[in-house]
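What follows is one structure encoded as structure tokens, with my remarks underneath.
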Amino acid sequence: MVNETLLVAEEQQFELLIDALVNNEYGVCDNFFTPEEINGLRENLQAYHQDGLMYPAGVGRNFDYQKNAEIRGDVIYWINENSKNPLEALFIAKIERFIAYLNATCYTGINDFEFHYAYYEPNSFYKRHLDQFKSNRGRRYSMVLYLNENWQQEDGGSLSLYIGDDTLSVYPMGGRLVFFKSDETEHEVHAAPDRPRISIAGWLKRS
């Protein structure tokens, strides 16, 4: 149960993201989850990685891993929307509240979502791309939540967003959430030379 005070603060976060998307084509919200919640999600990711449960992500629907490695270098673990893990259940519940708010205020018709943990080894990257498949246009909005701890500017690993003639750089600070349109905003994950770069990434979808 989320109390009324927290819901008011949460709606302010939602408004910030939506207003920025409408006006700037992308939104950024720091401290989207509390530091304690980010720590718990980070521990989940680290446990999955240590247990060998994360695997290379694919590019498109038909891919081979050799070609894939030239484009992206992360390994992932999908989050079950019915997860019994307390931190994952908390994460999913807030995403569902955001979807309800987005649908109520913007009539977007979002009715599905998918999210995964992402772990980038040092020097791994994801080249410039769109998140929407040409053969399946269900993905409408992309979201990235950073789980990095004590990240410094010199660590690298920034996210570039290509909007019109501009290239915008987003620093992957823990607790920061980025929100943009899957079918419009090309983006790129840059390598961090000396540290793993970790996050939760996913999409709000309409079937």
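Holding the Cα-Cα limit at 26 Å, pick out from 84/181; 127/181; 84/127 the pairs that are longer than that.
84/181; 84/127
Using only protein heavy atoms and a 1.4 Å probe, report how much of residue 167 is accessible, in Å² to the nearest 10.
Approximately 90 Å² for this residue.
Read phi for every residue in segment 196-201 and hand back ³J(HN,Hα) as whole Hz from Karplus 6.51 cos²θ - 1.76 cosθ + 1.60, θ = phi - 60°, with x for Gly and Pro.
Using θ = phi - 60°, the values come out as x, 10, 10, 6, 10, 10 Hz.
Largest first and to the nearest Å, give the Cα extent of segment 149-207 along each principal axis.
Sorted from largest, the Cα extents of segment 149-207 read 38, 28, 16 Å.
Is the chain rounded, prolate or oblate when judged by the Cα gyration tensor, a ≥ b ≥ c being the square roots of its eigenvalues, rounded requiring a/c under 1.5 and prolate requiring a/b larger than b/c?
Since a/c stays below 1.5, the shape of the chain is classed as rounded.
So how strong a dipole does the chain carry about its Cα centre when Lys and Arg Cβ are +1 and Asp and Glu Cβ are -1, to the nearest 20 debye?
My answer is approximately 720 debye.
Once you have a ≥ b ≥ c as the square roots of the Cα gyration tensor eigenvalues for segment 68-138, tell me rounded if a/c is under 1.5, and otherwise prolate or oblate according to whether a/b is larger than b/c.
Oblate, since a/c reaches 1.5 and b/c is not below a/b.
Please list, in order along segment 143-150, the HN-Hα scalar couplings obtained from phi with the Karplus expression 6.51 cos²θ - 1.76 cosθ + 1.60 (θ = phi - 60°), rounded to whole Hz, x for Gly and Pro.
Residue by residue, segment 143-150 yields 9, 10, 10, 7, 10, 5, 9, 6 Hz.
Residue by residue, what Karplus-based ³J(HN,Hα) values in Hz, rounded to whole numbers, does segment 103-119 have, using 6.51, -1.76 and 1.60 with θ = phi - 60° and x for Gly and Pro?
Calculated HN-Hα couplings, in order: 5, 5, 9, 10, 6, 7, x, 5, 9, 7, 7, 8, 9, 9, 6, 10, 10 Hz.
The values are calculated or read from the model by the stated rules, or taken from the named source; none is laboratory data. It should be emphasised that the depicted structure is a prediction, and the values quoted were computed from it without experimental measurement. Cβ: placed from backbone, ideal geometry, glycine included. Neighbour counts: every protein chain shown. Calculation scope for accessible area: heavy atoms of the full protein, side chains included, ligands and nucleic acids excluded. Shrake-Rupley method; radii C 1.70, N 1.55, O 1.52, S 1.80 Å.
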